[in-house]
1. Could you give every pair whose Cβ atoms fall below 9 Å, whose first residue belongs to the range 216-242 and is assigned by TED's automatic domain parsing to the domain that holds G320 and under 25 Å from L328 (Cα atoms), and whose second residue is among the β-branched types (V, I, T) and part of a helix (DSSP H, G or I), counting only separations of at least 6 or pairs across chains?
2. Report whether or not D167 is touching a Cys at 6+ places or on another chain (Cβ under 7 Å), in contact (Cβ under 8 Å) with a residue 40 or more places away in the chain and charged (D, E, K, R).
3. Between a first residue in the range 6-28 that is under 22 Å from Q57 (Cα atoms) and a second residue that is of a type in the set (D, E), which pairs have beta carbons less than 6 Å apart while being 6 or more apart in sequence or on different chains?
4. Any chance the range 198-207 includes a residue that's closer than 22 Å to A232 by Cβ and either of a type outside the set (S, T, Y) or not assigned by TED's automatic domain parsing to the domain that holds A147 (or both)?
5. Looking only at the range 214-230, count every residue that is among the hydrophobic types (A, V, I, L, M, F, W, C), under 13 Å from K194 (Cβ atoms) and part of a helix (DSSP H, G or I) and tell me the total.
6. Can you name the residue in the range 16-49 that is hydroxyl-bearing (S, T, Y) and crowded, with 17+ Cβ neighbours inside 10 Å and is also farthest from the ligand (Cβ to nearest atom) among such residues?
7. Among the residues of the range 69-87, is any within 16 Å of the ligand (Cβ to nearest atom) and crowded, with 21+ Cβ neighbours inside 10 Å?
Amino acid sequence: MTQAPGSRIYSRIAGTGSFLPERTVTNDELAKSVDTSDEWIRSRTGIRERHLAAEGQTTGDLGYEAAIRAMEAAGVSAADLDMIVVGTTTPDLIFPSTACLIQARLGADGCAAMDVNAACSGFVYALSVADKFIRCGDAKTVLVIGAETLSRIVDWTERTTCVLFGDGAGAVVLKADSETGVLSTHLHADGSKKDLLWNPVGVSAGFNGVEPNAGARIIMKGNDVFKYAVKALDSVVDETLAANGLDKHDLDWLIPHQANLRIIEATARRLDMSMDNVIVTVDKHGNTSSGSVPLALDTAIRSGRVQRGQLLLLEAFGGGFTWGSALLRY
Ligand code: UT7
C-alpha cells in the first residue's frame, strides 16, 4: 500500500463477529461433579454458565465461525485479506498455526498468517500487531481473531479452576483508514510470575512430570493472580489515558477481559465509570481467554450499545503474566 507524503494511516474496525459452541454447562451442573455451588461461583466470579466445544470441534473451528461473521459485517472477502493474526493459547496443532488452518478454510491463500500466544491477553496483543502492520502501510485489511478451547486444558476435577473457563471466539476486521480508529495499544509482560498461572505441559520443556496421557491442565494461584491483575490493569488504563492526553471521563465504554466480574468492577472504579458503561459477558461464557474481549466487543456492537464514533477502552490480563490495552474510536 502506498502512503501519500504527510498523510497518516490508521486502522479502524470494519466489522466484528463471534461464536460460542452450542453446549452450555451451568454452575449447578458443575456442582454435581466438583465440590462447589452456583452461589460460590456467581458471587466470586459473576459466571453463570460456560460453553464447551463439542468433541472434535477445535479452536480453529470456533475462530473460523467468528471470522466469517466479522468478514460479512465488514463486507470483505477472503481475497481482500492481507494478513490473519490469531490470538490463542490452545491452538489446534503445534503447527501449522491456527491462523494458517483458518486461512485455508477461508480460501485466503497467499496472505500472511500467524498465531500470537499471550494467553488471555492474546487478542489485545494480536490487535496491536495488526494495527502496526496497517499503520506502517504493509497491510490494508487484517483479520484479527481471539479463539480458544480452554476446556481441553482444564482439570475437570479441580474446583479452583474448572469453574472459571470456557470455549469461544471473537474476531474483528481491521481496515486502513485516514480517520482514527485504533489510537494506541499498550502491551506488557512479567515472565517472572510464570508459576502463578501456567500449564506445565510443553514441547521443548517436555512434560514437567505430568504423565504424557494425563493431559495438559491450567494451574493457577487464583488469589495472587487476582491481586496482580487488578494492579496491572489499573496501571495500564492510566498509561493509556496519559499517552492520549485524555481524561477517564472521556471514555464511552470499557470492554474488559472477561475473567472475573470483581476484577472488571475494580477497573471500572479506577476509571470512575458506571457499570452501565462496561460491557459484561462473563456471566454467559466464563473466561474464554483470547476469545473474551472480541466476544464482548461483538456482543456490544451487535446489540447496538456501542455506536460508531464512541471511544472504547479494551484491556486484558493473562498468564505469563501478560497484559495490555487498546484505545480506539469505533
Ligand atoms: O484470565 C486470566 C487471569 N485469571 C484471573 O483473572 C483469575 C483471577 N482470580 C480469580 O478470579 C479469583 O481469585 C478466583 C475466582 C479464582 C478465586 O476467588 P477468591 O475470592 O480469590 O477465592 P480464594 O482462592 O481465596 O478461595 C477462597 C475459598 C478457599 O477456601 P478456604 O481456604 O477459605 O477454606 C477455596 O478453597 O474458596 C474455596 N474455593 C471454592 N469453593 C467453592 C475455591 N474454588 C472454589 C469453588 N467452589 N469452585
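1. Partner pairs satisfying both residue conditions: A229/I263; V230/I263; V230/T267; L233/I263; L233/T267; D234/T267; V237/T267.
2. Working: touching a Cys at 6+ places or on another chain (Cβ under 7 Å): no; in contact (Cβ under 8 Å) with a residue 40 or more places away in the chain: yes; charged (D, E, K, R): yes.
No.
3. T16/D298; G17/D298; S18/D298; F19/E65; P21/D167; T24/E49; T26/E49
4. At the first step, the residues of the range 198-207 found to be closer than 22 Å to A232 by Cβ are 198-199.
From what is left, the residues that are either of a type outside the set (S, T, Y) or not assigned by TED's automatic domain parsing to the domain that holds A147 (or both) are 198-199.
Yes: the range 198-207 contains one or more residues that are closer than 22 Å to A232 by Cβ and either of a type outside the set (S, T, Y) or not assigned by TED's automatic domain parsing to the domain that holds A147 (or both).
5. Final tally of qualifying residues: 1.
6. Taking the range 16-49 as the starting set, the residues that turn out to be hydroxyl-bearing (S, T, Y) are 16, 18, 24, 26, 33, 36-37, 43, 45.
Narrowing further to those that are crowded, with 17+ Cβ neighbours inside 10 Å: 16, 18, 36, 45.
Working: T16: 21, S18: 18, T36: 3, T45: 5 Å.
Among residues in the range 16-49 that are hydroxyl-bearing (S, T, Y) and crowded, with 17+ Cβ neighbours inside 10 Å, the one farthest from the ligand (Cβ to nearest atom) is T16.
7. Looking only at the range 69-87, we keep the residues that are within 16 Å of the ligand (Cβ to nearest atom), and these are 87.
Okay, now just the ones that are also crowded, with 21+ Cβ neighbours inside 10 Å, so 87.
Yes - at least one qualifying residue is present in the range 69-87.
Rundown of residues vs (1) of a type in the set (G, A, S); (2) more than 16 Å from the ligand (Cβ to nearest atom), yes/no style:
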| position | (1), (2) |
| --- | --- |
| L197 | no, no |
| S204 | yes, yes |
| F207 | no, yes |
| G215 | yes, yes |
| F226 | no, no |
| K231 | no, no |
| D234 | no, no |
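The values are calculated or read from the model by the stated rules, or taken from the named source; none is laboratory data. The structure displayed is predicted, hence computed values, not measured ones. All Cβ positions, glycine included, derive from the backbone under ideal geometry; neighbour counts span all protein chains shown.
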